[in-house]
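Presented below is the structure to which this report refers.
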Amino acid sequence: MNYDVLLIIYMRNFLVNVLFIYINAGVCLRVEKRCFRLKLDFLQSFLSTTFQAYVHAFITYQSRIMELWVILEQKTFKKFSLFIKKASFLQFMVLNDICVVDWLVLSKRFEIVYNFFSYKFAVRLFAKFVFSEQAFLFSISDYFKSALWLEREVWDMFGVFFFQNPDLRRILTDYGFEGYPLRKDFPLTGYLEVRFDDENSTLVYEPVELAQNYRDFTFISP
């Protein structure tokens, strides 16, 4: 048989298989997105019904891994976090991260965001609320073990106190550090500088001194 004919037959079969895979992949992807959308709608409607007195708003993002944002009140967050972990149709078993934003000019200065994930249903949930500088938060370290260190980071950087955290110490800054570095009113240069004293073979903490010789005085950066 002519090799040109064999090559044509081979290429035809190859293109047919590629087209078949592409069509099936498109159909599967549409079905998968539809299932994701139904799952998100169910999750949103259920949470809004169960916590209708406390949940203020929902924001959904449709992606490969579904995301759901929940805005709620501070006083109900601990009850909410236990519920989304224990409910069999939610199972948010993992706390990935805790983030804080400092809105210095607002009366409720801090906004905190908890990042939960459900491996079983491939859904990511962000729960956030705002609170004042004088308020303290209840720790969820008894529900999520990862919260032990995450809450320590928030305490160290922002000075947010977590009630019932069994080990709320500084974790990123040095012992005896004053202030909270990620607050908007904390100076960029800090209050103290550290140097090594060769004579005494120890670290020495001194007030910050900005050497004028190394500063570039311009109209843009006076």
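The values are calculated or read from the model by the stated rules, or taken from the named source; none is laboratory data. Values in this document were obtained by computation on a predicted structure and should not be read as measured data. All Cβ positions, glycine included, derive from the backbone under ideal geometry; neighbour counts span all protein chains shown. Side chains included, ligands, DNA and RNA excluded: accessible areas come from the protein's heavy atoms. Shrake-Rupley method; radii C 1.70, N 1.55, O 1.52, S 1.80 Å.
State yes or no: is LYS75 under 22 Å from TYR143 (Cα atoms), modelled with pLDDT of 80 or more and open to solvent by 60 Å² or more (accessible area, probe 1.4 Å)? Spelling it out, LYS75 is indeed under 22 Å from TYR143 (Cα atoms), modelled with pLDDT of 80 or more and open to solvent by 60 Å² or more (accessible area, probe 1.4 Å). Residues that are touching a helix residue (DSSP H, G or I) at 6+ places or on another chain (Cβ under 8 Å) and either modelled with pLDDT under 70 or within 14 Å of SER118 (Cβ to Cβ) (or both) within region 54-72 comprise TYR54, VAL55, PHE58, THR60, GLN62, MET66, LEU68, VAL70, listed in sequence order.
Looking across region 78-94 at every residue that is charged (D, E, K, R) and under 12 Å from PHE138 (Cβ atoms), the one that is nearest to the chain's Cα centre (by Cα) is identified as LYS78. The number of residues in region 91-138 being over 19 Å from PHE162 (Cβ atoms) and either assigned to a loop (DSSP other than H, G, I, E, B) or out of contact with any strand residue (DSSP E or B) (no Cβ under 6 Å at 6 or more places or on another chain) (or both) comes to 13. Each residue in region 178-222 was checked for being modelled with pLDDT under 80 and in a loop (DSSP other than H, G, I, E, B), and 16 pass.
Of all residues in region 139-168, those satisfying the criterion of being surrounded by 15 or more Cβ atoms within 10 Å (Cβ to Cβ) and outside any loop (DSSP other than H, G, I, E, B) are ALA147, LEU148, LEU150, GLU151, ARG152, GLU153, VAL154, TRP155, ASP156, MET157, PHE158, PHE162.
Could you check how many residues of region 153-171 are within 15 Å of ASP102 (Cα to Cα) and without any contact (Cβ under 8 Å) to a residue 40 or more places away in the chain? Qualifying residue count, region 153-171: 4. Tell me, yes or no, whether region 118-138 has at least one residue that is buried (at least 19 other Cβ atoms within 10 Å of the Cβ) and farther than 21 Å from LEU82 by Cα. The answer is no; no qualifying residue exists.
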